[in-house]
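Novice: Let me begin by handing over the structure; questions about it come next.
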Amino acid sequence: MELHPHDERAPGRVADAGVDWMLRYQRGEERAFDLLVEAYSPRVYVLITRFLGRVAQREDLVQEVFLRVIRARDAYRPDARFSTWLYRIVFNLCVNESERRRPAPSLDAREDWRDAREDERVPAPGLALEREDLIASVRAAVAALPARQRMALVLAKYEELSYEEVADVLGTSEKAIKSMVHRARESLRELLAPFLEGELA
């Protein structure tokens, strides 16, 4: 039996279900696209949320990502992990959306960054408010970062991608990603310093 290069039974290759589904979709298997949406739409939603915040259009943006996947059907080449290819689409869409939504949120514009876990219970309301305020400040500080630094930080810290994988998504070198993440962390320290000093005062 002939083995497909992305078949999980092919020796010496880590299986990538996303690549397999995309290639099957490219060959005309419409069900394979449904599998892609089912498997990856939650990740896309989370990534958009972490990059843009809790904007009202997140579900529309997820749909737009997969519309772009449809449009790229014939041109798709399995040169990287499917998630890497998909995250490039998400990044480009998020950058476009950020440009459209300018000015970017500041540390004082926190309403878009409120915590989603409204049903989480803590014993002291005062502690809950302090925690919410800190979360809002961190998210707003992340939103103030340049787009590439922001995505590098989100992918490395929250999505737990390796620097090599983040470099593939952003089309740059691993060394450049390390520098971006370092600068992003330094910027966050600077942006959050007044808030943290106030908390400790």
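Please treat every number below as a calculation from the coordinates, not as lab data. Here the structure is a predicted model, which is why all the values come from computation and not from measurement. Counting neighbours? That spans all protein chains shown, and the Cβs are built from the backbone with ideal geometry, glycine included.
Novice: Taking K and R as +1 and D and E as -1, what net charge do the other residues with C-beta under 10 Å from the C-beta of R81 add up to? Can you show the working numbers first?
Specialist: Values: positive: none; negative: D16, D79, E165, D168.
Charge balance near R81 sits at -4.
Novice: When the chain is fully extended, how far beyond the present Cα-Cα distance does D79 get from S179, taking 0.36 nm per residue of separation?
Specialist: Values: separation 100, 0.36 × 100 = 36.00 nm, distance 2.51 nm.
That pair, D79 and S179, stretches by 33.5 nm at full extension.
Novice: What is the gain in length, in nm to one decimal, between V37 and E186 on full extension, counting 0.36 nm per residue of separation less the C-alpha to C-alpha distance? Don't skip to the end; give the middle numbers.
Specialist: Numbers: separation 149, 0.36 × 149 = 53.64 nm, distance 3.60 nm.
Fully extending the segment from V37 to E186 adds 50.0 nm.
Novice: Can you work out the Karplus-derived ³J(HN,Hα) for every residue in segment 88-96? Use 6.51 cos²θ - 1.76 cosθ + 1.60 with θ = phi - 60°, whole Hz, and x for glycine or proline.
Specialist: Using θ = phi - 60°, the values come out as 4, 4, 4, 4, 4, 5, 5, 4, 4 Hz.
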